[in-house]
Amino acid sequence: MTVALIWAQGNGGVIGRDNTIPWRVPEDARHFRERTTGHPVVMGRRTWDSLPERFRPLPNRMNVVLTADRSWTAEGAVVAHDLADALRRAADADPELTVVMGGAQIYTAALPVADLLIVTEIDVDVPGGDAFAPAIDVTRWRPQNDGEWMTSEKGPRYRFCDYRRIDG
Ligand SMILES: NC(=O)c1ccc[n+]([C@@H]2O[C@H](COP(=O)([O-])OP(=O)(O)OC[C@H]3O[C@@H](n4cnc5c(N)ncnc54)[C@H](OP(=O)(O)O)[C@@H]3O)[C@@H](O)[C@H]2O)c1
């Protein structure tokens, strides 16, 4: 069972501002779709709220949403009240791969149990960014590729890099 975290970060590790993602890079949206489709995704309730209504639940993926609110429900969301429960429900649906898709609170909670980080770096400054990716400790995580910089059709440079946990 692999637990992957997937995120896109701007300069300084920013992942969000005012509960939205403050850039538009269609190549990264495509990458996100390719890496998550067919597998359960786990997200925090704020990230669920941040998705435009027409995009949720994300199709062809079990959408597991974490909240402490026992009365919270949403159509198409599988509700979980702690991370272990969320991961258990996801693993029941797909014993191979679960993808944790944010946001900042959930990345921090899930990092210790993650095997794989799927990271997009976007060369964009985000003044006022208020949500951040966890730091990647290079003594614990090994990059799987060179992460060559590319240029988005929308302008910013971006690159993809996976990191695998170093055993032991
Ligand atoms: N760039 C990216 O790749 C990316 C990806 C995803 C999200 N984002 C951005 O990240 C930001 C949102 O991140 P965030 O940290 O504010 O929120 P979040 O992690 O999406 O959600 C936080 C919520 O999750 C619930 N929660 C957290 N820990 C829990 C636990 N242990 N047990 C049960 N429920 C728990 C709580 O919901 P309740 O309050 O309902 O109890 C909490 O308020 C937004 O700006 C979003 O756009 C960026």
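The values are calculated or read from the model by the stated rules, or taken from the named source; none is laboratory data. For clarity, every value in this text was computed on a predicted model and none was experimentally measured. Note that we place each Cβ from the backbone using ideal geometry, even for glycine, and neighbour counts take in every protein chain shown. For accessibility, only protein heavy atoms count, side chains too; no ligands or nucleic acids. Shrake-Rupley method; radii C 1.70, N 1.55, O 1.52, S 1.80 Å.
Computed from backbone phi, the HN-Hα couplings of the stretch 134-140 come to x, 6, 9, 7, 6, 7, 10 Hz, rounded to whole numbers (Karplus: 6.51 cos²θ - 1.76 cosθ + 1.60, θ = phi - 60°; Gly and Pro given as x). Applied to the stretch 83-89, the Karplus parametrisation 6.51 cos²θ - 1.76 cosθ + 1.60 on θ = phi - 60° returns per-residue 3J(HN,Hα) values of 4, 4, 5, 4, 5, 5, 4 Hz, with x for Gly and Pro. Debye-formula intensities of the stretch 15-111, expressed as log10 I(q)/I(0) at q = 0.22, 0.23 Å⁻¹, are -1.27, -1.38 (one equal scatterer per alpha-carbon, no solvent).
With +1 on each Lys and Arg Cβ and -1 on each Asp and Glu Cβ, how big is the dipole of the stretch 25-107 about its Cα centre, in debye rounded to the nearest 20? It would help to have the intermediate numbers written out before the result.
On the way: 11 positive and 12 negative charges, 23 e Å.
Charge dipole, the stretch 25-107, about its Cα centre: 120 debye, nearest 20.
Which whole number in µm²/s is D for the stretch 25-76 by Stokes-Einstein, with the Kirkwood Rh taken over Cα pairs at 4 °C and 1.567 mPa s? Please report the intermediate quantities before stating the final value.
Working: Rh = 11.9 Å.
The Stokes-Einstein estimate is 109 µm²/s.
DSSP assigns beta bridges within the chain; of those with both partners inside it, close to 45 percent run antiparallel.
Counting only protein heavy atoms and a 1.4 Å probe, the stretch 1-127 has 49 square angstrom of accessible area per residue. Dividing the radius of gyration of the alpha carbons in the stretch 1-49 by their Kirkwood radius gives 0.96 for Rg/Rh. Taking the chain as a Gaussian network of alpha-carbon nodes connected by springs under 10 Å, the highest mean-square fluctuation of the residues Arg54, Arg142, Arg30 belongs to Arg54.
Please compute the volume of the convex hull spanned by the alpha-carbon atoms of the stretch 68-162 and report it per residue in Å³.
Values: hull volume 15.7 nm³, N = 95.
Cα convex hull per residue, to the nearest whole number: 165 Å³.
Summarising the label geometry, the points placed 7 Å from Cα in the beta-carbon direction at Ile136 and Asp85 lie 3.3 nm from one another. Coupling constants for the stretch 103-117 follow from the phi torsions by the Karplus curve (6.51 cos²θ - 1.76 cosθ + 1.60, θ = phi - 60°), and in residue order they are x, 4, 4, 6, 4, 4, 5, 8, 3, x, 9, 7, 9, 9, 10 Hz; glycine and proline get x.
Across Ala80, Ala133, Ala93, mean-square fluctuation computed from a Gaussian network of the chain (C-alpha pairs under 10 Å connected) peaks at Ala93. Here the Debye sum runs over all C-alpha atoms of the chain as equal scatterers in vacuum, and log10 of I(q)/I(0) at q = 0.09, 0.20 Å⁻¹ comes out as -0.28, -1.48.
Leaving ligands, DNA and RNA out of it, report the carbon-plus-sulfur percent of the accessible area of the chain at a 1.4 Å probe.
Working: 4330 of 9150 Å².
Ligands and nucleic acids excluded, carbon and sulfur give 47 percent.
Label positions at Trp149 and Val113, each projected 7 Å from the Cα along the C-beta direction, are separated by 3.8 nm.
Can you tell me the FRET efficiency between Ala29 and Ser71 if r is taken as the Cβ-Cβ distance and R0 is 41 Å, rounded to the nearest 0.05? Provide the component values of the computation, followed by the final result.
Numbers: r = 32 Å, r/R0 = 0.78.
With a Förster radius of 41 Å, E is 0.80.
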